[in-house]
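Let me begin by presenting the structure, written as structure tokens, before commenting on it.
The values are calculated or read from the model by the stated rules, or taken from the named source; none is laboratory data. Only a predicted model underlies this, so the values are computations on that prediction, with no experimental measurement involved. Here the Cβ positions follow ideal geometry from the backbone for every residue, glycine too, while neighbour counts run over all protein chains shown.
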Amino acid sequence: MGLRDNQRVIYTSPIKALSNQKYRDLSEKFKDVGLLTGDVSLNAHASVVVMTTEILRTMLYRGDDTIQDLSVVVFDEAHYVSDAERGVVWEEVIILLPSHINLLFLSATCPNFLDFGDWIGRTKKRTVYAVYTKMRPTPLRHYLYVQGKPFLLMDNKFRSD
């Protein structure tokens, strides 16, 4: 699926800074990577194109031919779909993308991922697979700052100082 089949992949993110970071990361792994944000257009017809979700929505409304050979769209920070101001952009993109395009949603903070997956399945008339883990690659620690000094309240094992 995707690059192996000579089809294109779009990787979306909610903010330009994350798009720029993902462009750098993916450019280290793949040869043919592009970047589209409101400010930058690099290699727009690459095999893998990183862009903001708003850019993808604009492309869909314009009927951009970039969508023709697309096989996968990755939505990073997918919990933005519940954002009061910008969530509608994500909903529109999900609805407007042709049903044959595979969708992959990434989020570390989507509490209602089963409901979200159910909505996508009904909207796209496709089977949805939800994958979940409690593993945190980056430990979560809660601190309280008093007079400029940090005090650990709780670490990822629920321990405190």
Closer than 25 Å to K125 by Cα, modelled with pLDDT under 95 and not in a helix (DSSP H, G or I) - does that describe any residue in region 31-47? no
Q. What do you reckon, is D76 under 13 Å from the mean Cα position of the chain (by Cα), under 30 Å from M135 (Cα atoms) and among the charged types (D, E, K, R)?
A. yes
Within region 9-28, restricting to residues that are assigned to a helix (DSSP H, G or I) and among the hydroxyl-bearing types (S, T, Y), the one that is nearest to T53 (Cα to Cα) is S19
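Residue-by-condition table, conditions (1) surrounded by 14 or more Cβ atoms within 10 Å (Cβ to Cβ); (2) in contact (Cβ under 8 Å) with a residue 60 or more places away in the chain:
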{"residue": "S13", "(1), (2)": "yes, yes"}
{"residue": "N20", "(1), (2)": "yes, no"}
{"residue": "K29", "(1), (2)": "no, no"}
{"residue": "G34", "(1), (2)": "yes, no"}
{"residue": "G38", "(1), (2)": "no, no"}
{"residue": "L42", "(1), (2)": "yes, no"}
{"residue": "T58", "(1), (2)": "yes, no"}
{"residue": "G63", "(1), (2)": "no, no"}
Every listed condition ((1) in contact with a helix residue (DSSP H, G or I) (Cβ under 6 Å, 6 or more places away or on another chain); (2) crowded, with 18+ Cβ neighbours inside 10 Å; (3) not β-branched (V, I, T)) holds for L96 save (2)
Of S99, S107, the only residue that is more than 15 Å from the chain's Cα centre (by Cα), at negative phi and among the small types (G, A, S) is S99
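Residues are listed down the side, and each one gets a yes or a no for (1) surrounded by fewer than 16 Cβ atoms within 10 Å (Cβ to Cβ); (2) in contact with a Phe, Trp or Tyr (Cβ under 9 Å, 6 or more places away or on another chain); (3) of a type in the set (F, W, Y); (4) at pLDDT below 85:
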| position | (1), (2), (3), (4) |
| --- | --- |
| W90 | no, yes, yes, no |
| L103 | no, yes, no, no |
| G121 | yes, no, no, no |
| K124 | no, no, no, no |
| Y143 | yes, yes, yes, yes |
| K157 | yes, no, no, yes |
| request: Might you check whether a residue that is without any contact (Cβ under 8 Å) to a residue 60 or more places away in the chain and of a type in the set (D, E) occurs anywhere in region 106-116? | output: yes
